Amino acid sequence: MPEMGFVQQLGIGALMTIKVAVLSYLLALAIGTAFALVTLRRRLVVGFIWQVYASIFTGVPSLLVAFLFFYAGSGIVASLASLVGLTVTVDISPFAAAVAALGMVYGAYLADLIRSAIQNVPPGQFEAAKVLLVPQPATWLLVILPQVLRLALPGMTNMWIVVMKDTALISLIGLKEIMAYAKLASGVTKEPFIYYVLASVFFLGMTWLTYFVSRRIESWSERGYKPVVKQEPAHAL
Amino acid sequence: MNAVTQIAVPSPVRRETPAAVAISIRKLNKFYGGFQALRDIDLEVGQGEIVILCGPSGSGKSSLIRCINHLEQHNSGTIRVNGTELTHKASDVAQVRRQLGMVFQGFNLFPHMTVLANCTFALRLALRLPAAEANDIAREYLARVNVQDQAAKYPSELSGGQQQRVAIARALCLKPSIMLFDEPTSALDPESVGSVLRIMEDLAATGITMVCVTHEMGFARRVADRCVFMEKGEIVEEGTSDRFFSAPSTARLKAFLQQVL
Ligand SMILES: Nc1ncnc2c1ncn2[C@@H]1O[C@H](COP(=O)(O)OP(=O)(O)O)[C@@H](O)[C@H]1O
Ligand SMILES: [Mg+2]
């Protein structure tokens, strides 16, 4: 039988997992959207910055990125600050390192996803909005975004699941999330099976919840489109 | 006696001297990279005039229409719409587009909005009208194009002909004085073509100015005041629709008409 104290700790860890996953994903969405928009038009400088960013953050494993941020983060921030003549000493917490790492890594993937979704919105949609004199912000928000969302949703859902699962690795930099507590409980009670199963059940539950919610959002985003026979979403990486 | 009747019955040529100029195009050139799509185009469209553009595919008809509403930027020459010169300045572009309604070959309706929302969208966001007023205007124009019963549906639930009529209503909601059509019936199944052409004929009779690219020569003959034939980026021949069809003067137009008629 699991001991209630450890189960409680697992619960606290689970909340931390959700917190890190949600914040990382929001950061990834922000970075992804920004890069998608600025790289829509091929411009040399922006394109180069993007290439460098993408090759670093899609090439280096996310755990390694987190390690780098955690152990070298304060050094990086200090030297960046000294470039502009400031002396800054910051302590990078495991939490901040985890969110920054996952956000920046998956921001690179989301940028590609979002950019190609934007490019797959028919150009006629932009043209119709232009000739109807609809202001640009309204065009992006009310004409383009809903169509981008529809196209990008399956990929975005998968990406969310990957981010969530990647938080489990991040326990290695000392983040007190569900994996860390499961390991702790297993070590103390010498009953690893039960706590790892509980942690697995948590991730499974989150995945199911994700699919349930994403179905809802997808069917809403499909409003107005002819129903098509859809494949089950491919399993996350 | 004979002479008197001739004086009493004016020649059937419509609007020989247009009251005012709606669109005036001078020495217009348009390049895509190194490729010249329009070459020294001169064209004047009077207010209330119905002008049909025709010509083989790739002759620059769409480019010309799209330059008029600045979906493409012209490289040289001038375009004036109701007196406003179309420069590449945002304020001029907006001023010109305010005069124009545009209907695309592929409808370009917003797929995630209902028919009614498609029509009210610009009224609310561009003209900032309150929802109730926008709805009234939209319903009025949807009724004019005979799709009032479909207002709550999404575009994909409509036939092609109905979708194109919604697109026409959507453009008319902004009360443009000039309507531009780029092959409005080319993407339609044959049964739907008639319903759209009828709407356009009704529209032509209201006194609105129209510039229309089409291969529907029967329609052109019925409604056009003037037909313009383009080839390889140039206007080869233009004339009243009677002369255009019955007595084309260039060999190229003759050959074209033989192909499409
Ligand atoms: N965006 C574009 N980029 C490059 N070439 C274009 C573009 N649009 C049109 N063209 C070329 O310009 C010519 C005229 O095209 P278009 O105006 O669409 O002709 P039409 O409408 O008469 O078929 C064609 O040769 C076409 O390939
Ligand atoms: Mg064309």
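Any read-out appearing in this document is the output of simple, stated calculations on the displayed coordinates, not a laboratory observation. Worth saying up front: this structure is predicted, and the values here are computed from it rather than measured. Glycine gets a Cβ as well: all are built from the backbone with ideal geometry, and neighbour counts include every protein chain shown.
From the mean inverse distance of alpha carbon pairs (Kirkwood) and the Cα radius of gyration, derive Rg over Rh for the protein assembly as shown.
Result: Rg/Rh = 1.14.
Compute the angle between helix A:178-189 and the longest alpha-carbon principal axis of chain A, please, reported from 0 to 90 degrees and rounded to the nearest 10.
Around 10 degrees separate the two axes.
Residues of B:105-115, mean number of Cβ from any other protein chain within 10 Å of their own Cβ, rounded to a whole number?
6
What is the magnitude of the charge dipole of segment B:18-260 about its Cα centre, with +1 placed on the Cβ of each Lys and Arg, -1 on the Cβ of each Asp and Glu, and no other charges, expressed in debye to the nearest 20?
Rounded to the nearest 20 debye, it is 420 debye.
Residue farthest toward the positive end of the dipole of segment B:18-260, with Cβ of Lys/Arg at +1 and Asp/Glu at -1: which of B:Leu64, B:Pro176, B:Tyr32?
B:Tyr32
Throw me the Rg/Rh for segment A:78-157, computed over C-alpha atoms with Kirkwood Rh, two decimals.
Here the Rg-to-Rh quotient is 1.22.
Name all residues of segment B:128-144 having a backbone nitrogen under 11 Å from the label point set 7 Å from the Cα of B:Thr206 along its Cα→Cβ direction, giving them as ranges.
Once the point is set 7 Å along Cα→Cβ of B:Thr206, B:140-144 turn out to lie under 11 Å by backbone N, inside segment B:128-144.
Taking each residue in B:210-223, count the Cβ atoms of any other chain within 10 Å of its Cβ, then average. What number comes out?
0
Identify all aspartates and glutamates with a Cα-Cα distance to B:Lys232 below 19 Å; exclude those on the same chain that are fewer than 8 residues away in sequence.
B:Asp40, B:Asp42, B:Glu72, B:Asp182, B:Glu183
What 222 nm value per residue comes from the helices of the protein assembly as shown, counting each DSSP H run with n ≥ 4 as -39,500 (n - 2.57) and dividing by all residues, nearest 500 deg cm²/dmol?
-18000 deg cm²/dmol
Treat every Asp and Glu Cβ in the protein assembly as shown as -1 and every Lys and Arg Cβ as +1, leave all other atoms uncharged, and give the resulting dipole magnitude about the Cα centre to the nearest 20 debye.
340
Under the rule of at least 5 residues apart or a separate chain, name every residue whose amide H is placed under 5 Å from the amide H of B:Gly77.
The answer is B:Asn29.
Amide H of B:Val103: which non-local residues (sequence gap of 5 or more, or other chain) have their own amide H closer than 5 Å, using H built in the peptide plane?
B:Leu180, B:Phe181, B:Asp182
Where the centroid of each part is defined by its Cα atoms, how far is segment B:136-155 from segment A:1-48 in Å?
Comparing the Cα centres of segment B:136-155 and segment A:1-48, I get a distance of 45 Å.
Using the alpha-carbon atoms, what tilt in degrees (0 to 90, nearest 10) does helix B:251-260 show relative to the longest principal axis of chain B?
Its long axis makes an angle of about 40 degrees.
Contact order normalised by length for segment A:4-221, with contacts defined as Cα pairs under 8 Å and 6 or more residues apart; what percent is it?
After rounding, I find 31 percent.
Counting other beta carbons within 10 Å of each residue's own, what order do B:Met230, A:Met16 fall into, fewest first?
A:Met16, B:Met230
Full-extension gain between B:Arg221 and B:Glu234, please, as 0.36 nm times their residue separation minus the C-alpha to C-alpha distance.
The B:Arg221-B:Glu234 span can extend by a further 2.5 nm.
Give A:Lys130/B:Lys27; B:Lys27/B:Lys254; A:Lys130/B:Lys61; A:Lys19/A:Lys183 a once-over and call out the pairs whose C-alpha atoms are over 23 Å from each other.
A:Lys130/B:Lys27; B:Lys27/B:Lys254
Restricting to the protein assembly as shown, compute how many DSSP beta bridges are antiparallel as a %, nearest 5.
Roughly 55 percent of the DSSP beta bridges within the protein assembly as shown come out antiparallel.
What ³J(HN,Hα) values, in whole Hz, does the Karplus curve 6.51 cos²θ - 1.76 cosθ + 1.60 give for segment A:201-218 when θ = phi - 60°, with x put for Gly and Pro?
Residue by residue, segment A:201-218 yields 4, 4, 5, 4, x, 4, 5, 4, 4, 4, 5, 4, 5, 5, 4, 4, 5, 5 Hz.
When B:Asp149, B:Asp225 are ordered from fewest to most other Cβ atoms inside 10 Å of their Cβ, what list results?
In increasing order of surrounding Cβ atoms, one gets B:Asp149, B:Asp225.
Taking only the alpha carbons of segment B:59-146, what extent do you get along each of the three principal axes, in Å, biggest first?
In descending order, the Cα extents are 43, 28, 23 Å.
Taking the Cα centre of segment B:122-261 as the origin, how large is its charge dipole in debye, to the nearest 20, when only Lys and Arg (+1) and Asp and Glu (-1) carry charge on their Cβ atoms?
200
Would you pull out the residues with amide H under 5 Å of B:Leu38's amide H, same chain only if 5 or more places away, H placed 1.01 Å from N?
The list, which skips near neighbours in sequence, is B:Lys30.
Rounded to two decimals, what ratio of Rg to Rh does segment B:80-231 give with C-alpha atoms and a Kirkwood Rh?
A ratio of 0.97.
Would you list which aspartates and glutamates come within 16 Å of A:Lys190, measuring only between C-alpha atoms, while excluding same-chain residues fewer than 8 positions from it?
A:Glu3
Once both axes come from the Cα atoms, what is the angle between helix B:190-204 and the longest principal axis of chain B, in degrees from 0 to 90, rounded to 10?
The two axes meet at around 80 degrees.
Would you kindly derive the ³J(HN,Hα) couplings of segment A:26-31 from the backbone phi angles with the Karplus curve 6.51 cos²θ - 1.76 cosθ + 1.60 (θ = phi - 60°), listing them in order in whole Hz, with x for Gly and Pro?
Running phi through 6.51 cos²θ - 1.76 cosθ + 1.60 with θ = phi - 60° gives 4, 4, 4, 4, 5, 5 Hz.
Determine the shielding of peptide B:166-172 by partner chains: average, over its residues, the number of Cβ atoms on other chains within 10 angstrom of each Cβ.
Partner Cβ neighbours, averaged per residue: 1.
Answer with one residue from A:Leu110, A:Thr207, A:Val163: the one whose Cα lies farthest towards the positive end of the charge dipole of chain A, charges on Cβ with Lys, Arg +1 and Asp, Glu -1.
A:Leu110
Mind running the shape call on segment B:12-111? Use the C-alpha gyration tensor, a ≥ b ≥ c as the square roots of the eigenvalues: rounded below 1.5 for a/c, prolate if a/b tops b/c, oblate otherwise.
Verdict is rounded for segment B:12-111.
May I ask you to order B:180-187, A:63-70 by the average number of other C-beta atoms within 10 Å around their residues, highest value first?
The peptides rank, most packed first, as B:180-187, A:63-70.
Once Rh for segment A:4-221 is found with the Kirkwood sum over Cα pairs, what is the Stokes-Einstein diffusion coefficient at 4 °C and 1.567 mPa s, in µm²/s?
67
Treating each Cα of chain B as an identical point scatterer and ignoring solvent, apply the Debye formula and state log10 I(q)/I(0) at q = 0.09, 0.11 Å⁻¹.
Scattering profile of chain B, log10 relative to I(0): -0.43, -0.63.
Name the lysines eligible as straight-distance cross-link partners of B:Lys153: C-alpha to C-alpha under 16 Å, and not fewer than 8 places from it in the same chain.
Excluding near neighbours in sequence, the set is A:Lys226.
Under a plain spin-label model, where a point goes 7 Å from the Cα along Cα-to-Cβ, how far apart in nm are B:Ala20 and A:Arg223?
4.2
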